[in-house]
């Protein structure tokens with residue numbers, strides 16, 4: 001048979017070794033020893049081939065704006081919010097588009113082929129909305145961009161947020177966002193969850209709320225979100241992002257809350273890299289990590305997907321569009337260092353995120369879109385450990401990005417000439 005692409009000798013995330021054959025942008029076979037001709041042949045030599053990474057929580061209207069109009073000197077969430085308030089009036093559509101496109105280039109090179117981005121609607125010009133809608137069209141051939149209408153200043157707290165959120169949705173934004181803990185009172189926060197979920201139910205849209213991104217254990221809007229999800233028949237369409245107050249809640253209340261989240265089938269989105277440094281800022285010692293209860297949620301069957309949140313913007317001065325970094329930090333911050341737990345963290349930046357996104361044709365199986373990434377590692381755990389180079393990124397069967405393997409050259413008497421980090425783990429580790 002003739003194919004467009006064949007990848008030989010690939011390790012898959014589930015531990016199988018297989019060849020992958022591609023024709024007309026689709027995976028047509030995943031099996032051993034595929035025979036046939038192809039326009040492009042890649043020998044994976046036992047390296048990991050995975051479905052692409054997905055960043056399920058990001059702020060593309062702010063990305064790469066670091067230093068404009070000033071730096072976040074304290075590195076805190078509150079100063080970041082203040083700084084965004086200073087930057088927002090200065091935004092131009094052209095600048096947002098230019099930064100977003102540069103970021104998409106970086107994301108693709110890192111194997112990210114889908115991004116859910118929140119976009120602020122608390123600006124009557126809706127500059128960010130207009131810009132990212134254009135970017136969504138511009139990048140659609142190589143990256144799926146899903147937008148969330150996000151009232152940064154609060155749905156009720158901002159006098160223009162409710163009207164502008166509806167405007168953004170009318171313009172084509174696909175997901176309803178919110179920030180209930182940012183309202184003036186807990187009651188307003190509760191009411192905003194209800195109002196936003198009702199808008200989504202009426203329009204047939206998904207919901208993704210910044211929820212309880214605070215160290216306050218009494219910030220419990222996720223409880224309301226789980227309730228409204230069930231009341232309005234939104235199961236599977238709702239996500240709670242951040243949920244950092246969960247780290248500070250007492251265990252008795254958490255024992256009630258977590259099953260409610262599971263029952264409502266609410267997706268949960270931690271942002272490990274950002275929230276580890278943004279939360280716990282009022283603590284002396286011990287310092288809270290400020291993440292939701294990831295292993296406990298996963299144990300209950302809750303779909304947990306990691307986001308990156310920020311990259312070189314008012315809230316976070318670092319970042320490199322690296323979802324493996326998000327998984328790496330999550331493993332350390334949540335003590336998820338068992339073999340199965342580390343594999344679960346890889347799923348949180350791939351399969352779980354695709355489920356939250358509602359991404360069709362995702363996966364490495366016949367009939368799926370031929371979107372995948374070849375990593376300079378043998379298995380998911382090694383990929384996270386090394387934050388492995390993305391040797392090839394494939395979109396609809398075409399290689400759209402390539403990176404050389406990580407190889408260092410030594411000049412040491414009596415020692416090997418080269419060092420390849422991906423060849424240092426014991427062989428049996430990959431197959432345990």
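Considering 37, 19, the condition of being more than 21 Å from residue 354 (Cβ to Cβ) and surrounded by 18 or more Cβ atoms within 10 Å (Cβ to Cβ) is satisfied by 19 alone.
Taking the conditions (1) surrounded by fewer than 17 Cβ atoms within 10 Å (Cβ to Cβ); (2) under 30 Å from residue 234 (Cα atoms) in turn, residue 416 satisfies each one other than (2). Residue under question is residue 61, and the condition is that it be under 23 Å from the mean Cα position of the chain (by Cα) and either assigned to a strand (DSSP E or B) or over 30 Å from residue 275 (Cα atoms) (or both); does it hold? Considered against the rule, which asks whether it is under 23 Å from the mean Cα position of the chain (by Cα) and either assigned to a strand (DSSP E or B) or over 30 Å from residue 275 (Cα atoms) (or both), residue 61 comes out as no. Residues in the range 113-130 that are outside any loop (DSSP other than H, G, I, E, B) and surrounded by fewer than 24 Cβ atoms within 10 Å (Cβ to Cβ) were compared, and the one that is nearest to the chain's Cα centre (by Cα) is 114.
Suppose the filter is touching a residue at least 40 places away in the same chain (Cβ under 8 Å), in a loop (DSSP other than H, G, I, E, B) and closer than 29 Å to residue 327 by Cβ; does residue 55 pass it? First the steps, then the outcome.
Values: touching a residue at least 40 places away in the same chain (Cβ under 8 Å): yes; in a loop (DSSP other than H, G, I, E, B): no; closer than 29 Å to residue 327 by Cβ: yes.
Judged against the criteria, residue 55 is not a match.
If we keep just the residues of the range 47-100 that are on the phi > 0 side of the Ramachandran plot and in contact with a helix residue (DSSP H, G or I) (Cβ under 9 Å, 6 or more places away or on another chain), which is modelled with the highest pLDDT? Step by step, filter the range 47-100, then rank; the result is 64.
The residue list 390, 395 contains one member that is assigned by TED's automatic domain parsing to the domain that holds residue 423 and surrounded by fewer than 23 Cβ atoms within 10 Å (Cβ to Cβ), which is 395. Within the range 387-408, track down each residue that is in contact (Cβ under 8 Å) with a residue 60 or more places away in the chain and under 15 Å from residue 48 (Cα atoms). Selection gives 387, 388, 390, 391, 392, 393, 394, 403.
Only residues that are surrounded by fewer than 20 Cβ atoms within 10 Å (Cβ to Cβ) and touching a residue at least 40 places away in the same chain (Cβ under 8 Å) were counted across the range 319-342, and they come to 6.
No other residue among 377, 370, 353 is in contact (Cβ under 8 Å) with a residue 12 or more places away in the chain, crowded, with 16+ Cβ neighbours inside 10 Å and either within 20 Å of residue 105 (Cβ to Cβ) or within 19 Å of the chain's Cα centre (by Cα) (or both) apart from 353. Residues in the range 281-301 that are within 18 Å of residue 335 (Cα to Cα) and in contact (Cβ under 8 Å) with a residue 24 or more places away in the chain: 288, 289, 290, 291, 292, 293, 294, 295, 296, 297, 298, 300. The condition of being over 29 Å from residue 217 (Cα atoms), outside any loop (DSSP other than H, G, I, E, B) and at pLDDT 95 or above holds for only one of 149, 168, 162, that being 168.
Given 258, 234, which one is in contact (Cβ under 8 Å) with a residue 24 or more places away in the chain and part of a helix (DSSP H, G or I)?
Details: 234 fails: part of a helix (DSSP H, G or I).
Just one listed residue meets the conditions, 258.
For residues in the range 304-314 being in a loop (DSSP other than H, G, I, E, B) and surrounded by 23 or more Cβ atoms within 10 Å (Cβ to Cβ), which is farthest from the chain's Cα centre (by Cα)? Here the residue is 314. For the range 237-255, the set of residues classified as surrounded by 19 or more Cβ atoms within 10 Å (Cβ to Cβ) and outside any loop (DSSP other than H, G, I, E, B) consists of 238, 239, 240, 241, 242, 244, 245, 246, 247, listed by residue number.
How about the range 315-331: which of its residues are part of a loop (DSSP other than H, G, I, E, B), within 19 Å of residue 289 (Cα to Cα) and in contact with a helix residue (DSSP H, G or I) (Cβ under 6 Å, 6 or more places away or on another chain)? Break it down into steps so the answer makes sense when it comes.
Taking the range 315-331 first, the residues part of a loop (DSSP other than H, G, I, E, B) are 315-322.
Checking the rest, the ones that are also within 19 Å of residue 289 (Cα to Cα) come to 315-319.
Matches in the range 315-331: 315, 316.
Each residue in the range 180-209 was checked for being in a loop (DSSP other than H, G, I, E, B), more than 16 Å from residue 147 (Cβ to Cβ) and in contact (Cβ under 8 Å) with a residue 24 or more places away in the chain, and 2 pass.
The values are calculated or read from the model by the stated rules, or taken from the named source; none is laboratory data. Model, not experiment: these values are computed from the prediction. Positions of Cβ are generated from backbone atoms using ideal geometry, with glycine treated the same way; all protein chains shown enter the neighbour counts.
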